[in-house]
1. Please determine, by comparing only the residues of region 33-68 that are free of Cβ contacts under 8 Å to residues at least 60 places away in the same chain, within 16 Å of the ligand (Cβ to nearest atom) and open to solvent by 90 Å² or more (accessible area, probe 1.4 Å), which one is farthest from residue 123 (Cα to Cα).
2. Can you confirm whether residue 136 is more than 14 Å from the ligand (Cβ to nearest atom), within 16 Å of residue 167 (Cα to Cα) and in contact with a Lys or Arg (Cβ under 9 Å, 6 or more places away or on another chain)?
3. Find the strands (runs of 3 or more DSSP E) located wholly in region 15-101 whose residues include 3 or more that are under 30 Å from residue 169 (Cα atoms) and under 21 Å from the mean Cα position of the chain (by Cα), and list them.
4. Which of (1) away from the ligand (no atom under 14 Å from the Cβ); (2) in contact with a Phe, Trp or Tyr (Cβ under 6 Å, 6 or more places away or on another chain) does residue 101 not meet, given it meets every other one?
5. Report, by residue number, each residue of region 137-177 that is touching a strand residue (DSSP E or B) at 6+ places or on another chain (Cβ under 6 Å) and open to solvent by 90 Å² or more (accessible area, probe 1.4 Å).
6. Could you list, in sequence order, the residues of region 9-18 that are loosely packed, with under 13 Cβ neighbours inside 10 Å and either of a type outside the set (A, V, I, L, M) or in contact with a Pro (Cβ under 9 Å, 6 or more places away or on another chain) (or both)?
7. Hey, among the residues in region 69-94 that are near the ligand (Cβ under 9 Å from one of its atoms) and surrounded by 12 or more Cβ atoms within 10 Å (Cβ to Cβ), which one's nearest to residue 166 (Cα to Cα)?
8. Can residue 142 be described as in contact with a helix residue (DSSP H, G or I) (Cβ under 9 Å, 6 or more places away or on another chain), more than 15 Å from the ligand (Cβ to nearest atom) and polar (S, T, N, Q)?
Amino acid sequence: MTDNKDIENLIKIISKLPGLGPKSAKRIVLKLINNREKLTKPLINTLAHVYKNVVRCKICGNLKSVNASCTCSDKKYEQICVVENIADMWVIQSSGIYKGHYHILGGTLPTMDNKQDEGLLVSSLINRVKKNSVKEVILATSATVEGQTTAHYIEDSLKGTKVKISKLAQGLPVGGEIEFLDDGTLFSAFKNRGPVVSD
Ligand SMILES: [Zn+2]
């Protein structure tokens with residue numbers, strides 16, 4: 001604890017950020033106090049700018065500038081990769097494996113049979129598929145119950161569009177030893193087993 005209320009408040013807010021506890025929040029606050037001009041001022045300005053000017057696109061869920069059109073309104077594209085959140089998209093982007101368009105759902109469906117897609121951008125995905133004559137939708141939701149429930153729901157919702165739907169393969173992780181796999185991974189590895197091709 002410090003004896004300054006303002007500083008305490010700041011530490012409290014910063015420790016709410018992902019990956020930060022009170023200890024690292026204190027270190028950050030100290031750094032900010034000691035670097036008012038070089039760090040704190042540009043941070044305040046940048047935060048204010050992002051707060052005012054960056055919004056989520058209501059169609060694809062990606063981040064966009066408030067006054068600019070989003071990349072999802074680009075002329076033509078044939079593939080859309082569906083992810084749960086922006087962090088997932090960033091991981092796939094930085095892997096370089098896929099360079100096409102994305103659709104960010106903004107979460108997953110509840111696992112119960114309550115299939116409301118309120119808040120999740122599912123109907124706008126169907127509209128995008130229809131409007132752009134998209135050829136393939138790649139479902140890249142997590143291999144969790146929630147992620148898979150959401151993937152099934154999207155598969156069902158896209159049935160009328162005749163788009164090809166593919167899903168990330170699930171199975172043994174690279175370097176995964178059977179002994180240390182959890183039941184879910186082992187189950188999906190068995191379920192998705194493929195034929196052995198001999199040369
Ligand atoms: Zn968009």
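The values are calculated or read from the model by the stated rules, or taken from the named source; none is laboratory data. Predicted, not measured: the structure shown is a model, and the values here were computed from it. Don't worry about glycine lacking a Cβ; one is built from the backbone with ideal geometry, like all the others, and counts go over all protein chains shown. Heads up: the accessible areas ignore ligands, DNA and RNA and are worked out on the full protein's heavy atoms, side chains in. Shrake-Rupley method; radii C 1.70, N 1.55, O 1.52, S 1.80 Å.
1. 67
2. yes
3. Where strands (runs of 3 or more DSSP E) fall fully within region 15-101 and carry at least 3 residues being under 30 Å from residue 169 (Cα atoms) and under 21 Å from the mean Cα position of the chain (by Cα), they are 79-83.
4. The one condition residue 101 does not meet is (1).
5. Scanning region 137-177 gives a single hit, 164.
6. Matches in region 9-18: 9, 12, 16, 18.
7. 72
8. Yes, satisfied.
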